[in-house]
Amino acid sequence: MEDQPNATPNEPPAPAAPPEADPSAVIIDTGQATLHATGSALPAEELERLTADIVAALKSVYDPEIPADIYELGLIYRVDIDDNRNIDIDMTLTAPGCPVAGEMPGWVENAVSLVPGVANVNVNMVFNPAWTPDRMSDEARVALDWY
């Protein structure tokens, strides 16, 4: 057995280093969500158009009980766009017991699927980190009189 001068028998192993970021990834911070385009196969103008159209599609989805769209509410955490124009979305709800929890991911999938050039759409419901009103845009705060 080799000597390990800094290790002790009861000490847990050091955590693994985080994976390195994909050097070809394009990250677009829209203010409310972060959009990632993995790889460099998409031309910049196509990526810009897809991003704008996806954000517009997300803004077309509303919780029926809240007069603000899910994008401005800050319910969209992440949108990944791969080289084949497949879209992977992480979203949350204002509360895990939301009455439309089972339906809203389908609404999001349908809205984004209508964007020209989009291939497949996968919507993941996540609750970590938990949503807070701090994620809302000023537009949503005005719509809800929370300013």
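Could you list THR94, THR132 in order of exposure, starting from the residue whose Cβ has the fewest other Cβ atoms within 10 Å?
The fewest-first ordering by Cβ neighbours comes to THR132, THR94.
Using only Cα atoms, locate the centre of segment 116-134 and the centre of segment 39-109, then give the distance between them in Å, rounded to an integer.
Rounded to whole Å, the Cα centres lie 6 Å apart.
Work out, in µm²/s and without decimals, the Stokes-Einstein translational diffusion coefficient of segment 26-143 at 20 °C, 1.002 mPa s, Rh from Kirkwood over C-alpha pairs.
Translational D for this selection: 149 µm²/s.
Could you list the GluC sites (Glu not before Pro) in segment 71-147 that lie in coil according to DSSP, counting only those with at most 15 other Cβ atoms within 10 Å of their Cβ?
Listed in order of number, the matching sites are GLU103.
Sequence-distant or interchain residues sharing an amide H contact under 5 Å with ASN122, placed H: which?
Under 5 Å from the amide H of ASN122 lie the amide H atoms of ILE87, ASP88, ILE89, each far enough along the sequence or on another chain.
If each residue's Cβ is checked for other Cβ atoms within 10 Å, how do VAL55, VAL118, VAL108, VAL100 rank with the fewest at the top?
Taking fewest neighbouring Cβ atoms as first place, the list is VAL100, VAL118, VAL55, VAL108.
Counting alpha carbon pairs within less than 8 Å and at least 6 residues apart, what relative contact order, in whole percent, applies to segment 26-143?
About 28 percent, as a whole number.
Since every read-out is calculated from the coordinates, none of them should be taken as a lab result. The structure presented is a predicted model; accordingly, all values stated were derived computationally and were not measured. When we count neighbours, we look across all protein chains shown, and the Cβ atoms used for this are built from the backbone with ideal geometry, even at glycine.
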